[in-house]
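Encoded as structure tokens, the structure appears first; notes follow it.
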Amino acid sequence: MVWLSLAACQPALVEAPSRAELADEIIRRSPPEGDESTCWAAEISPAVIETVTEQELVTPEVRDGAGQVTTPATFRSTTSQRIIADRDEVWFRAPCPAEMTVEFIATLQRALKARGLYLQPLTGVMDAATTDAVRRLQAERGLDSRQLSLAAAQELGIVSTDLGAL
């Protein structure tokens, strides 16, 4: 009996929240309609274009009977471009504009500062330094956007998480 009471005093192991994979949140079409409680944000990713420069042989080299080059080869450069990825519009869930209060943004800045992503004073203003920090956080998780996604806000612990979804 003594053993059981001591075992009950042991601290419970709590797992840290997992890192969000924000690319899983992306929708490549317009967001679903009808759910007024969910807010969406859009991001346009630019087309990715590759430029390739190649050397083309115009005239080959000429050699004499002893194998010495008498006339060197001539080349010309040609440059071409090709589209690697088309321009794309993606949608993702985001905190609603009504939630983006001064207090909420200051909390966001505090959470980003704790992770070393935001180095400015807490202002409660969604300024360039804040949006840059949001982009850095989200880009390494698969969403290259300056707009805060709901999944990133949940990972930061600044909005509630639906525990039923876990």
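Using the Cβ-Cβ distance between Cys96 and Glu50 with R0 set to 41 Å, the FRET efficiency from 1/(1 + (r/R0)^6) comes to roughly 0.60. The residues packed around Arg28, meaning those with a beta-carbon under 15 Å from its beta-carbon, carry a net charge of -4 if Lys and Arg are +1 and Asp and Glu are -1. Annotation: peptides 150-156, 72-78, 104-110, ranked by per-residue average of other Cβ atoms within 10 Å with the highest first, follow the order 150-156, 104-110, 72-78. Express in % the proportion of alpha carbon pairs of segment 47-154 at distances exceeding 19 Å. Cα-Cα pairs of segment 47-154 separated by over 19 Å account for 63 percent. The listed peptides 139-147, 82-90, 62-70, ordered by packing as a protection proxy, come out as 139-147, 82-90, 62-70 (highest mean of other Cβ atoms within 10 Å first).
Every number in this text was worked out from the coordinates using simple rules, so none of it is lab data. What you see is a predicted model, and the numbers here were worked out from it, not measured in a lab. Heads up, the Cβs are rebuilt from the backbone with ideal geometry, glycines too, and the neighbour counts pull from every protein chain shown.
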